[in-house]
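I have placed the structure first, in the form of structure tokens, so that the comments after it can refer back to it.
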Amino acid sequence: MARKAGKRRARERGGAKTVDLAEISFRCDPARFPFRTTAELEPLQEIIGQDRALHALQVGLELDAPGFNLYVSGLVGNGRTTAVQSHLRHVRPYCPLARDRAYVYSFSDPRRPRLLTFARGRAHAFARAMDDLIVTVLRSAPPLLGSADAHRRVEALKTKLAADHREKRLELEKSLGQQGFQLVDVPKGDDAVEVELRAQLDGFPEPLSQSDVHEAAAEGTLNASQAAALEAAFSEHGIALRELLRAWHSQELSFVRSLEEERGKLCAPLIDDILRPLRTRYGGAPDIDPYFDEVREDLLENIAQFVEVANAGQGAPESLTPELAAQFFRYRVNVVLDNRTREGCPVVVEAQPTFTRLFGGVERPPEREIDPASDFLYLRAGSLLEADGGFLILDAGDVLREPSVWARLKATLRHRVLEIPEADAEHRRLTTIKPAEIPIDLKVVLLGSFHLYQELVAQDAEFEHIFKVRVDFAEDLDVTDELIEVQIPRLIRKICDRERLLALDRGAVAAVVERAVRWSGRRDRVSAVFTQLADLVREASYWGRSRGAELVEAADIAAAVRARDERNGLQEERSRRMFQEGTLLIQLAGHAVGQLSGLVVRTLGSDAFGMPARITARAGMGNQGIINIEREVGLSGESHDKGVQILTGYLRGQYAHDIPLTLAASICFEQSYGGVDGDSASTTEMYALLSAIAGLPLRQDLAVTGSMNQLGEVQAVGGINEKIEGFFRVVRDAAFPAEPGVIIPRACVPQLHLEQEVVDAVAEGRFRIFPISSVDEGIALLAGIPAGSRDKKGRFPAGTVHGTVEERLRQMARGLAQFNVPRE
């Protein structure tokens, strides 16, 4: 009966019609579902309703060409990440490009560690083999170099060195003896001996050193001329002695080289035997064979170090200890990319794309000092290298927020070469080495909003050349039987199975569908942001379990919605209380000139609520035009400024046909201190302004929302359900004074999906919703008189809104001329 009564009240004064009940909500009949509970269904496996995006995604992922990286746009929670990861499992099931990478010491240039590339899974075994090589040399070299043959070779070299020393000495001693000088070995402690010059003089029992000559001269034992002659001789023969010592040093260096050569000749077969299986297993690649040659040469040159370390350790080691690893770091391998445990293509999701996590860096152990040349062992791969040969998924917003990341990422993708940085994002140097560049081949998938995509296209000329594939995931889907009756219920089953939630009966599924339609903002659409749906199912399962139920029912869905509204409703509750207390002024009954209640939406994160706002206008004689008070004090956004400018265009087109538009008017959102933006109040402002100009009282029981253009057409606005429900709660709190209702754009009717309480009030005639298409419809409804149309003579009829406004504007123009006020 209530709904029939509502239909009978569909007409209002002036012929204005309210919306039909069928147009203000979406109701899903549980009987349409061919199941009793979601437990009877198969869990959904596919992505719902994103065919366009999935096709673009497939093309982008499979097309192998430079620059075909992907930007995937859409709201968080609409399945884009799941879709990307699911598709990646089917693209290139095995990636031949997924290689292992390792850094090794560069014997020719220690500042430039050498890069080695291996087939998938082989680098780890190579690193183990090189560690084993160190242990093998430590165990094998000392016995070989301690053999009788090695001893004979060393003794022969020592004998030759001693003979060479004697030959050089005898040659010098012969020359010195002819001039009264000789060489003397002077002990210096610790078995050390130093060769010095001595002069043989008659009258002195022992040969004299240079210091002895000084003392004898001081004592008078030698006269001045004798002492001077000896000083000159010591100086001359000292040169010859130094030449001898240099010759000995050269002979000793030659001895060391010869000793190393002999040891090398002795150990070369051993080293070749040790390296041979490594060359056989890992050789053949252009970058590995030269490395083996350098290792062989360095081992033979430094074989004595192995002997010394082995002897100091009093025995051959069983394995490579940390101390040995530090001493022989030159032969160790740092595997920076190890694919041995991976199957298929690498797919890396980097949740924290910081500079170091993305590009890698150097991570030295902080607890001990290390040789800077060993920094190659502490190079660490970043996500870009881990994804080499596969795919890297990044959040675009996170990437852009990190210092220096975006520019370096673009350069890396453009050149397809990765440099592990020697400095961090703040340009602090981490190491003195510069690792070899790594050629990489991967696709980067950026996830972000469409708005961010537009900003990147507008501000970054390189962006579209590097990310050539855009994948747009829809934010809402068409309402279809397949979607409502099959896909959404199966999706709910999947969520329940995955998280061990209670199954839903068909009434609960219908309630979930109704909420999903509301989230979309249109009755013919369903929100594709399925994280909201999942959260609702989770909370409803909680309420079902809290009452001991085995199934989630529609009442549990309603309880979850109420609980969420209660949790997030503090700010709305405070605002409504301020209306009740009179802190925020509003008139809900009677008539007033130049005043109306507009409808606004307040957003708090993902939540929003509507509320009325008093909008006032004042008009008088002058030529300043329309003054936007919010703009004058810096509280007006660009869209609101545009809306106010449209009012001037409308007035000019409507009334300034044969009279100048001379007007001084002001418009204000009263008690608004946090800023105003958007043009959804432009019709409200126009009605208040027309009322102020003509002195026409307007109904105060009707709140208004809607934007307008210069032609007087009313346009759609956002947040229509929240606005209507917000005003409804305010008039409900005031016990429904007068005949409350709202005036909305007719274009917003498909968006209506109101809460049941509002629907019931409309059905019972306690609340009205008037859809309009033009300013004329709205002002006639508010003023209670026709808007008026120009007659054949171009005049608006008397007693109409436009006729009254035009007459008042004529009066203002004449008054302005009478007072000789210059026009601006």
Original post:
Which is under 30 Å from Phe328 (Cα atoms) and in a helix (DSSP H, G or I), of Glu215, Glu297?
Top reply: Glu297
**OP:** Please work out if Phe126 is buried (at least 17 other Cβ atoms within 10 Å of the Cβ), aromatic (Phe, Trp, Tyr), more than 20 Å from Ala268 (Cα to Cα) and more than 35 Å from the chain's Cα centre (by Cα).
**Re:** yes
**OP:** Within the range 442-461, track down each residue that is in contact (Cβ under 8 Å) with a residue 24 or more places away in the chain and open to solvent by 70 Å² or more (accessible area, probe 1.4 Å).
**Re:** Phe450
Original post:
Give me the pairs: first residue in the range 104-122 and over 15 Å from Phe376 (Cβ atoms) and free of Cβ contacts under 8 Å to residues at least 60 places away in the same chain, second residue surrounded by 15 or more Cβ atoms within 10 Å (Cβ to Cβ) and not β-branched (Val, Ile, Thr), beta-carbon distance under 8 Å, and six or more apart or on different chains, which are they?
Top reply: Ala119/Arg99; Ala119/Asp100
Subject >> the range 535-549: number of residues that are more than 16 Å from Glu514 (Cβ to Cβ) and touching a residue at least 24 places away in the same chain (Cβ under 8 Å) >> reply: 5
**OP:** Would you please name the residue that is modelled with the lowest pLDDT, looking only at residues in the range 286-310 that are under 42 Å from the mean Cα position of the chain (by Cα) and buried (at least 16 other Cβ atoms within 10 Å of the Cβ)?
**Re:** Ile288
**OP:** Could you please give the count of residues in the range 509-521 that are open to solvent by 10 Å² or more (accessible area, probe 1.4 Å) and not aromatic (Phe, Trp, Tyr)?
**Re:** 6
**OP:** Of the conditions (1) closer than 30 Å to Glu261 by Cβ; (2) free of Cβ contacts under 8 Å to residues at least 12 places away in the same chain; (3) of a type outside the set (A, V, I, L, M); (4) in a loop (DSSP other than H, G, I, E, B), Pro317 clears all except one; give me its number.
**Re:** (2)
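Of the residues Gly220, Gly203, Gly283, which single one is among the small types (Gly, Ala, Ser) and surrounded by 13 or more Cβ atoms within 10 Å (Cβ to Cβ)?
Result of the check over Gly220, Gly203, Gly283: Gly283.
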Original post:
Can you find even one residue in the range 555-573 that is open to solvent by 50 Å² or more (accessible area, probe 1.4 Å), under 30 Å from Val731 (Cα atoms) and not in a helix (DSSP H, G or I)?
Top reply: no
Original post:
What number goes with the only condition from (1) touching a helix residue (DSSP H, G or I) at 6+ places or on another chain (Cβ under 9 Å); (2) closer than 21 Å to Gly610 by Cα; (3) in contact (Cβ under 8 Å) with a residue 40 or more places away in the chain; (4) not acidic (Asp, Glu) that Ile659 does not pass?
Top reply: (2)
**OP:** Within the range 336-348, identify whether any single residue is open to solvent by 60 Å² or more (accessible area, probe 1.4 Å), among the hydroxyl-bearing types (Ser, Thr, Tyr) and within 30 Å of Thr412 (Cβ to Cβ), and answer yes or no.
**Re:** yes
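Specify which of the listed residues (Glu630, Glu670, Glu713) is at pLDDT 90 or above and of a type in the set (D, E, K, R).
Only one candidate passes the filter, namely Glu713.
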**OP:** Could you check how many residues of the range 581-627 are modelled with pLDDT under 85, open to solvent by 60 Å² or more (accessible area, probe 1.4 Å) and under 46 Å from the mean Cα position of the chain (by Cα)?
**Re:** 5
**OP:** Please work out if Asp524 is open to solvent by 20 Å² or more (accessible area, probe 1.4 Å), touching a Leu at 6+ places or on another chain (Cβ under 7 Å), of a type outside the set (Val, Ile, Thr) and touching a residue at least 40 places away in the same chain (Cβ under 8 Å).
**Re:** no
Original post:
When the residues of the range 763-805 are filtered to those that are of a type in the set (Phe, Trp, Tyr) and assigned to a loop (DSSP other than H, G, I, E, B), which remaining residue is least open to solvent (accessible area, probe 1.4 Å)?
Top reply: Phe767
Subject >> Hits in the range 719-739 - residues which are open to solvent by 50 Å² or more (accessible area, probe 1.4 Å) and touching a residue at least 60 places away in the same chain (Cβ under 8 Å) >> reply: Glu722, Arg729, Asp733, Ala738
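The values are calculated or read from the model by the stated rules, or taken from the named source; none is laboratory data. This structure is a prediction, so every number in the text was calculated from the model and none was measured. Note: ideal-geometry Cβ built from the backbone for every residue, glycine included; neighbour counts use all protein chains shown. For accessibility, only protein heavy atoms count, side chains too; no ligands or nucleic acids. Shrake-Rupley method; radii C 1.70, N 1.55, O 1.52, S 1.80 Å.
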